[in-house]
Amino acid sequence: MKNIYVTQPNMPPLEEFLPYLEKIWESKLLTNGGPFHQELEKKLAEYLGVEHLSLFTNGTIALVTALQALRITGEVITTPFSFVATAHSLLWNGIKPVFVDIDSESFNLDPDKIEAAITPQTTAILPVHVYGNPCDVQKIQKIADTYGLKVIYDAAHAFGVNYKDESLLKHGDLSILSFHATKVFNTFEGGAIICPDAKMKKRIDDLKNFGFADEVTVVAPGINGKMNEIQAAFGLLQLKHIEEAIDRRREIDARYRQHLSNVPGITCSSIEADTKYNYSYFPIMVEEGYSLSREELYEKLHQHGIYARRYFYPLITDFPMYRGIQSAKPGNLPVAKLIAERVLCLPIYPDLSKLEQQTIASIVRGD
Ligand code: T4K
């Protein structure tokens, strides 16, 4: 059997991409807000049900720029249970991360622990919708309003997720998306900032283009975060197939839940009725009562060419640039530590066949 990775990008037929390439070759417009870039911004905003969206070359630069756009300084409250880019975006802005523990069901920042971490230096909260599971957006907003804080959501995993019948991306001051090859919707590399109004979009558009407000005016020390025309063209093509791709993921998610429902010591993540998920990841918890440790199961799958991943182990707070921070001490983050030791993300992507999925499930079941 061929190797099975935790994810594989959804690749529409090559011949469907060629007409886009021909247009780029004809126009010689390769980047800097060309026609495909403009069209993708419009179509994505429509599809996602958000007001405005600014495309980026990747999700990390989008995060760094979102913090710049809101002039965030001092301390920011965030989660240790994420991809390391979340906290790195703070360090790139000279901001001190303050880590708060997570909730054991949603794997997201525990809102009940946020207030105790607020100091006079706190300016914002940077939560992550981990695996596309919505954060407790209402509670977080209430805390932000009480203390006058901004909220920037790292929504890298939350493409197309709806919560209570509207886009999850509408919450907070800004949300960022990643369109990396491993994501539900990909542009090879890519990302976006969701903005509530045209004025903020203009500021973000300027920041991603070195700070140029017009040909001769530079208003900020901006960066080069622009998405190019090939990325944008691929995004337009992906968008045509996105519903089908998410449907396939939903079926795979449901089958895993069936296959693994009665395995002692294996728990699948919970599903909330008021959420439309994108099925970007399939995390399981390997707990006491299972015949193997998480590491043993991870190794066993590897031996069969199945590359499940321990997202997110180690915790961000275990890395050398963070572990010296007071809030990064393991005693402050017992839930995150436990989840990081137990989690295993099983392969999920549209082309994963029923047979491949059965093989994965039977290895996990120990058949
Ligand atoms: N915030 C959060 C919460 C994030 O999760 C991320 C990224 C970001 C921010 C930053 O967004 P970006 O700047 O990346 O847009 C991957 C991705 O590189 C990363 O985008 C993602 N999160 C993270 C969770 O996963 P790795 O190191 O696990 O990727 P890698 O190369 O090991 O790929 C995993 C598997 O996917 C491979 O075993 C095979 C498959 N794959 C991968 C690539 C790149 C393919 O089949 N084709 C491919 O082209 O980080």
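The values are calculated or read from the model by the stated rules, or taken from the named source; none is laboratory data. Here the structure is a predicted model, which means the values were calculated and not measured. Cβ: placed from backbone, ideal geometry, glycine included. Neighbour counts: every protein chain shown. Only protein heavy atoms, including side chains, enter the accessible area calculation; ligands, DNA and RNA are left aside. Shrake-Rupley method; radii C 1.70, N 1.55, O 1.52, S 1.80 Å.
Here Thr65 does not qualify as farther than 25 Å from Glu341 by Cβ, over 21 Å from the mean Cα position of the chain (by Cα) and hydroxyl-bearing (Ser, Thr, Tyr). I'm checking my understanding of the structure. Among residues of segment 1-28 that are in a loop (DSSP other than H, G, I, E, B) and within 20 Å of Gly190 (Cβ to Cβ), which one is farthest from the ligand (Cβ to nearest atom)? The residue in question is Pro12.
Answer yes or no: is there a residue in segment 177-187 that is under 17 Å from the mean Cα position of the chain (by Cα), of a type in the set (Ser, Thr, Tyr), on the phi < 0 side of the Ramachandran plot and outside any strand (DSSP E or B). Yes, because at least one residue in segment 177-187 is under 17 Å from the mean Cα position of the chain (by Cα), of a type in the set (Ser, Thr, Tyr), on the phi < 0 side of the Ramachandran plot and outside any strand (DSSP E or B).
Considering every residue within segment 29-46, establish whether at least one is open to solvent by 30 Å² or more (accessible area, probe 1.4 Å) and either in the same structural domain as Tyr322 (by TED's automatic domain parsing) or within 11 Å of the ligand (Cβ to nearest atom) (or both). No; the residues of segment 29-46 include none that is open to solvent by 30 Å² or more (accessible area, probe 1.4 Å) and either in the same structural domain as Tyr322 (by TED's automatic domain parsing) or within 11 Å of the ligand (Cβ to nearest atom) (or both).
With respect to Ile114, is the statement that it is more than 24 Å from Val184 (Cα to Cα), in contact with a Phe, Trp or Tyr (Cβ under 7 Å, 6 or more places away or on another chain) and assigned by TED's automatic domain parsing to the domain that holds Leu63 true? For Ile114, the condition - more than 24 Å from Val184 (Cα to Cα), in contact with a Phe, Trp or Tyr (Cβ under 7 Å, 6 or more places away or on another chain) and assigned by TED's automatic domain parsing to the domain that holds Leu63 - is not met.
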